[in-house]
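Trainee: My questions will all concern the structure given below.
We did not get these values from a lab; they are worked out from the coordinates using the rules stated. Quick caveat: nothing in here was measured; it's all calculated off a predicted structure. We place every Cβ from the backbone using ideal geometry, glycine too, and count neighbours over all the protein chains shown.
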């Protein structure tokens with residue numbers, strides 16, 4: 001219950017609350033206390049109009065507070081839905097990126113584990129390819145712009161000599177696997 005003096009459970013008696021019994025009318029003047037109590041009751045008595053206006057003001061405050069809470073709930077809901085929509089878009093974009101990356105790796109023919117070893121092999125192949133002598137004047141006349149993507153594929157596979165790659169592509173009619181077979185033989 002309400003233990004004012006012993007436990008301090010009532011409203012308004014927090015940490016720093018201290019019972020000060022000596023201030024509560026320890027003097028024996030009865031006339032002073034009776035006059036103050038009568039004036040206090042007069043102040044407490046309010047007219048019906050005042051009570052109604054206070055109740056109306058209280059209801060208005062509660063209604064305003066309730067309206068603000070509803071607005072905040074609606075705003076939070078909109079924010080949550082926007083966040084869900086954004087997360088779904090990011091998820092779709094991530095899946096699409098991974099799908100394209102996987103297709104590219106399959107087209108190139110290397111997995112992530114094999115990429116490190118493929119880079120070492122490609123360096124060796126570049127050095128070996130650089131030593132070959134091939135007539136480049138004939139290839140410059142027959143360069144087809146559609147072979148640029150296939151040439152880039154060959155470079156990523158480790159065959160760094162672009163001129164030689166283009167020559168083999170024109171000789172093999174753009175067949176990348178045939179070019180790789182010829183480059184592996186030579």
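Trainee: By count of other Cβ within 10 Å, fewest leading, how are 94, 170 ordered?
Mentor: 94, 170
Trainee: Then there's this: Please list 98-105, 158-165 highest first by mean number of surrounding beta-carbon atoms within 10 Å per residue.
Mentor: Final packing ranking: 158-165, 98-105.
Trainee: First obtain the Kirkwood hydrodynamic radius of region 48-108 from its Cα pairs, then insert it into the Stokes-Einstein equation at 4 °C and 1.567 mPa s, and state the resulting D in µm² per second as a whole number.
Mentor: D, rounded to a whole number, is 80 µm²/s.
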